[in-house]
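The values are calculated or read from the model by the stated rules, or taken from the named source; none is laboratory data. No experiment lies behind these values; they were computed from the predicted model shown. Here Cβ is always computed from backbone atoms with ideal geometry, including for glycine, and neighbour counts include all displayed protein chains. Surface accessibility is based on the protein's heavy atoms, side chains included, excluding ligands, DNA and RNA. Shrake-Rupley method; radii C 1.70, N 1.55, O 1.52, S 1.80 Å.
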Amino acid sequence: MRPAVWVAGFLVLVLAVGAYGSQELLQLQTDDKQWVMPGKDYSQTRFSTLSQITATNVKNLRPAWTFSTGTLRGHEGAPLVIGDTMYVHTSFPNNVYALELKGPDVGKIKWAYLPKQDPSVQAVACCDNVNRGLSFADGKVFLSQLDGHLVALNAQTGKEIWKAQNADPKVGATMTSAPHIYKDKVIVGVSGGEFGVRGHVSAYNVRDGKRVWRAYSMGPDEDVLLADDFNQANPHFGQRNQGTATWKGDQWKTGGGTTWGWYAFDPQLNLFYYGTGNPSTWNPSQRPGDNKWSMTIFARDVDSGKAKWAYQMTPWDAWDYDGVNEMILADLNIGGKTVKAVVHFDRNGFGYTLDRTNGSLLVAEKFDPDVNWATGVDKRTGRPIEVAAMRTQAGRNSQGVCPAALGSKDQQPAAFSPRTKLFYVPTNHVCMDYEPFEVKYTAGQPYVGATLRMFPGPGGHMGAVIAWDAATGKIAWSNKERFSAWSGTLVTATDLVFYGTLEGYMKALDAKTGKELWRFKTPSGIIGNPITYIGPDGKQYVAILSGVGGWAGIGLAAGLEGDSEGLGAVGAYKKLAEYTTLGGVLTVFSLP
Ligand code: CA
């Protein structure tokens, strides 16, 4: 059966038996003809078995069709492909377009959803008003709006089915990340770590948008939702009362630890995995303590929301090394044993491999050798071994700290190939000077408390795409980039790695060697994530959103000029203006 027929048939069946969400997506995520969720599958591998495009013919890849999204600011995330329809999101005001994939009218707009949002919410988006895309289940398309609303749309018509308020922009809480659908629940986080938002994840019922549970990143145990056996395998990671005891007074109430990354789900364990961001403010002298559970990987039960385990990567953060980056699930051979692993490339520059059943730390190594705030991670305690001179504090300008606050990588998600057993990681290579200062909390106002200046790391380049062996913690190869590699990666069964660059080049590398095989200049800088699918004509396509912006492109996006603006990133990326300008465009490639 063709995908569209198959999907239509399945939806009828789903409605008939009253099951929804879980079984449907469990099947759909294995169909590589479509791209039904942000990370391609529940494990977030961004790996596709499609094989028409190969190392030999990729040089012939060319645009088949394009689509202007009509908005100018940063386009992170990727479209979805369900049957004969592609669903495309935009930066603020978060428009959604359903596009025809069939026949001579390819790219025709089937429907558009144009939400009306109060434009003032843009003032509480820290680092450009991006959106990271959509999710699909139960005949619905789910959208997180910047103004904190989670919306369910009819996938056939674009009509709003339900709408729930998940975040309050009046206190600086917004939504930028894609929703994640696990079983009958839509799981969403919040942004606002630079506004003193107390982070949380929440589950909403796919059918009617009713909130089922909410789990905070910090605060009393009953708010953090801890399972009875929480951290049983690793009691030294912390167990009871850590969400309050590791904070001075009631600072946990404005504690940060927001939750705007890419989550992964293990249906067998019924656990999902995500990271929490920086503690608020950026001035560590003001908030002594480990500040748990900011900067933490959480594993939670989908049905109850209860945490089975948690591991804090950067206790008492002093650099804004948000822990929100993607979680990728893979079964790896470590020391002759197959381990159910979760792999995470943190902003702090360490690549972590943990046993995802219980949180045990297996590997923690630098994925950029120039990281200098810590020499390593103590495997026994799980804590970083810090370099004292690099710990920032009020009244001192710590200079030459690597990585910069935007991390050895930011949210741009890596891919995993079960063929090569390697992770393909888009990275930043940027360092900083960082000077914290005292700041007062006012709801809805920036709660930053540090002055930053960022600049290229040693060698002068600002990024690379690397291949990483998560079983050993070693770099297999590295392909340097002029600017940060701020796009996600995609890897195929033909051992091709696709990604985009901030200048706007869409590239394909050989997954085994890192050699560049093809590039094409798209209309704007790329911070989106590539996808691949089979069109109704049976051909393999590769698609990417260009549209520069995000933290790295904030200078271009917001028209900023000084180092003090854009949280220190503007000066470092000034030369981007020599390569690209703003504008959201989808480019879809195929072989002739
Ligand atoms: Ca942050």
Rounded accessible area of GLU160 (nearest 10 Å², 1.4 Å probe): 90
Solvent accessible area, Å² - GLU578, 1.4 Å probe, full protein context: 130
Nearest-20 debye value, segment 134-224 charge dipole, Cβ charges on Lys, Arg, Asp, Glu: 280
Backbone N within segment 397-428 under 13 Å of label point (7 Å from ASN333 Cα along the Cβ vector): 419-422
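Order these peptides, 521-532, 493-504, by their mean beta-carbon neighbour count within 10 angstrom, highest first.
Top of the packing list down: 521-532, 493-504.
Excluding GLY488 itself, calculate the net charge of residues whose Cβ lies under 15 Å from the Cβ of GLY488, where each Lys or Arg counts +1 and each Asp or Glu counts -1.
Working: positive: LYS40, ARG46, ARG132, LYS409, LYS507; negative: ASP41, GLU76, GLU326, ASP410, GLU481.
Around GLY488, the charge tally is 0.
Mind ordering 511-519, 131-139, 95-103 by average Cβ neighbours within 10 Å, highest first? Walk me through the numbers on the way to the answer.
Working: 511-519: 17.2, 131-139: 25.1, 95-103: 19.3.
Output ranking for 511-519, 131-139, 95-103: 131-139, 95-103, 511-519.
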Shape category assigned to the chain from the gyration tensor of Cα positions, a/c cut at 1.5: rounded
Computed magnitude of the charge dipole of segment 474-531 (debye, nearest 20; Cβ of K, R +1, Cβ of D, E -1): 120
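Ranked by accessible surface with a 1.4 Å probe, highest first, in what order do THR451, THR244, THR580 come? Can you show the working numbers first?
Numbers: THR451 75, THR244 45, THR580 10 Å².
Per-residue accessible area, sorted high to low, gives THR451, THR244, THR580.
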Across LYS40/LYS185; LYS33/LYS308; LYS159/LYS306; LYS421/LYS507; LYS140/LYS308, pairs whose alpha-carbon gap is larger than 23 Å: LYS33/LYS308; LYS159/LYS306; LYS140/LYS308
Heavy-atom accessible surface of segment 512-553: percent carbon and sulfur, 1.4 Å: 58
Anisotropy class of segment 469-535 from Cα gyration tensor, a/c 1.5 cut: oblate
Per residue, in Å², the accessible surface of the chain once ligands and nucleic acids are set aside, probe 1.4 Å: 32
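At 1.002 mPa s and 20 °C, plugging the Kirkwood radius over alpha-carbon pairs of segment 380-492 into Stokes-Einstein gives what diffusion coefficient in µm²/s? All intermediate terms of the calculation are to be shown ahead of the outcome.
Details: Rh = 16.1 Å.
Using the Kirkwood radius from Cα pairs, D works out to 133 µm²/s.
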Cα pair distances of segment 104-220 binned at 5 Å [whole percent]: 2, 12, 21, 22, 19, 13, 7, 3, 1, 0, 0, 0
Cα centre as origin, Lys/Arg/Asp/Glu Cβ charges: the chain dipole, Debye: 680
Nearest-10 value in Å² for the accessible area of ARG287, using the 1.4 Å probe: 0
Whole-Hz couplings from phi, Karplus 6.51/-1.76/1.60, listed for segment 527-540; x for Gly and Pro: 10, x, 10, x, 10, 9, 7, 9, x, x, 8, x, 8, 7
Among SER546, GLY535, ILE475 - extreme Cα towards positive end, dipole of segment 466-558, charges at beta-carbon: ILE475
Those aspartates and glutamates that a straight Cα-Cα span of less than 15 Å connects to LYS575, excepting residues fewer than 8 apart in one chain: GLU481, GLU503, GLU561, ASP563
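Near THR314, within a Cβ-to-Cβ distance under 13 Å, what is the net charge of the other residues, with Lys and Arg +1 and Asp and Glu -1? Provide the component values of the computation, followed by the final result.
Working: positive: LYS292, ARG347, ARG383, ARG391; negative: ASP290, ASP317, ASP320, ASP322, ASP346, GLU386.
Charge balance near THR314 sits at -2.
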Förster radius 51 Å - calculated FRET efficiency between ARG214 and LYS421, Cβ distance, rounded to 0.05: 0.85
Cβ-Cβ FRET estimate between ASP118 and GLN399, R0 fixed at 35 Å, reported to 0.05: 0.30
Anisotropy class of segment 438-592 from Cα gyration tensor, a/c 1.5 cut: prolate
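Counting only other residues whose beta carbon sits under 9 Å from that of TYR204, what net charge do I get with K and R as +1, D and E as -1? Present the calculation step by step, with values, prior to reporting the outcome.
Numbers: positive: LYS185, LYS210, ARG211; negative: ASP208.
In short, +2.
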Solvent-accessible ranking of ILE53, ILE475, largest area first, probe 1.4 Å: ILE475, ILE53
For VAL377, residues with placed amide H under 5 Å, excluding near neighbours: ILE385
DSSP-defined beta bridges in the chain - what % are antiparallel, rounded to 5: 95
Segment 278-338 - Debye-derived log10 I(q)/I(0), Cα point model, q = 0.23, 0.30 Å⁻¹: -0.94, -1.18
Separation in nanometres of the label points that stand 7 Å from Cα toward Cβ, at ARG391 and PHE520: 5.1
